[in-house]
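The values are calculated or read from the model by the stated rules, or taken from the named source; none is laboratory data. Small disclaimer: the values here were computed from a predicted structure and weren't measured. Positions of Cβ are generated from backbone atoms using ideal geometry, with glycine treated the same way; all protein chains shown enter the neighbour counts.
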Amino acid sequence: MHRRDALVEELRTAGSLSARELASRLGVSKRTVVRDVAKLREAGVPIQLDPGGYTFARVEMVKRAIDRALLGRRVLLIEYVDGKGVVTSRKVEPSICLGGRGGRWYLVAWCRLREEVRVFRLDRILSAVVTAERFPEPPTPRRDHAQVPGLAL
């Protein structure tokens, strides 16, 4: 495995690591880690530096999880905070789409909690985990119900 790929995998599994921790895990100098992170960022990898160390930007991580769920037709477990600050845990079937409007990204998916098609703002999804559970092709009425006014799908 290439060193930069290993760095990405370490961040993916650990969540947040300092340059020192990454250097120790990869068997390289801290300076090499800083240089590799810069190269990865130039290549478009969404790594950011937080007080706890290097981590992936949350919205980018959510998008990646949604992409994996869409490709594998897998149920997605999300922690979602609504406009009032209430956090709920939901299982959703992201079979509808991922789209953008007005500089924001949205997921349109079947929400098992509400038993209807719902629109989720990605910046309000606190976490997204792809489960092993697969979901079937949605019935036609559910897809027709997915027409969301004002959202370019």
Please go through the range 48-91 and pick out each residue that is part of a strand (DSSP E or B), of a type in the set (Gly, Ala, Ser) and under 25 Å from Leu17 (Cβ atoms). Gly53
Given the criteria touching a Lys or Arg at 6+ places or on another chain (Cβ under 6 Å), surrounded by fewer than 17 Cβ atoms within 10 Å (Cβ to Cβ) and at pLDDT 85 or above, does Leu113 qualify? yes
Quickly run through the range 5-32 and pick out the residues that are touching a Lys or Arg at 6+ places or on another chain (Cβ under 8 Å), modelled with pLDDT of 90 or more and either within 17 Å of Arg64 (Cα to Cα) or not in a helix (DSSP H, G or I) (or both). Leu17, Val28
Mind checking which residues of the range 16-36 are among the small types (Gly, Ala, Ser) and exposed (fewer than 13 other Cβ atoms within 10 Å of the Cβ)? Gly27, Ser29
When you check Val33 against the structure, is it of a type outside the set (D, E, K, R) and over 30 Å from Glu133 (Cβ atoms), yes or no? yes
I'm checking my understanding of the structure. Among residues of the range 101-110 that are more than 15 Å from Leu77 (Cα to Cα) and touching a helix residue (DSSP H, G or I) at 6+ places or on another chain (Cβ under 9 Å), which one is surrounded by the most Cβ atoms within 10 Å (Cβ to Cβ)? Tyr106
Criterion: hydrophobic (A, V, I, L, M, F, W, C), farther than 26 Å from Leu7 by Cα, at pLDDT below 90 and loosely packed, with under 14 Cβ neighbours inside 10 Å - qualifying residue of Ala43, Ala152, Ala57: Ala152
Any hit, the range 70-78, residues being in the same structural domain as Ser127 (by TED's automatic domain parsing) and touching a Cys at 6+ places or on another chain (Cβ under 6 Å): no
Only one of these is over 18 Å from Ala128 (Cβ atoms) and charged (D, E, K, R): Arg12, Arg25. Name it. Arg25
Here are the criteria: (1) surrounded by fewer than 14 Cβ atoms within 10 Å (Cβ to Cβ); (2) touching a helix residue (DSSP H, G or I) at 6+ places or on another chain (Cβ under 7 Å); (3) of a type outside the set (Gly, Ala, Ser); (4) within 19 Å of Tyr106 (Cβ to Cβ). Tell me which single one Lys84 does not satisfy. (2)
Within the range 33-47, residues part of a helix (DSSP H, G or I) and either touching a residue at least 12 places away in the same chain (Cβ under 8 Å) or within 15 Å of the chain's Cα centre (by Cα) (or both) come out as Val33, Val34, Asp36, Val37, Lys39, Leu40
Quick check: is even one residue across the range 63-71 crowded, with 16+ Cβ neighbours inside 10 Å, at pLDDT below 90 and under 29 Å from Arg124 (Cα atoms)? yes
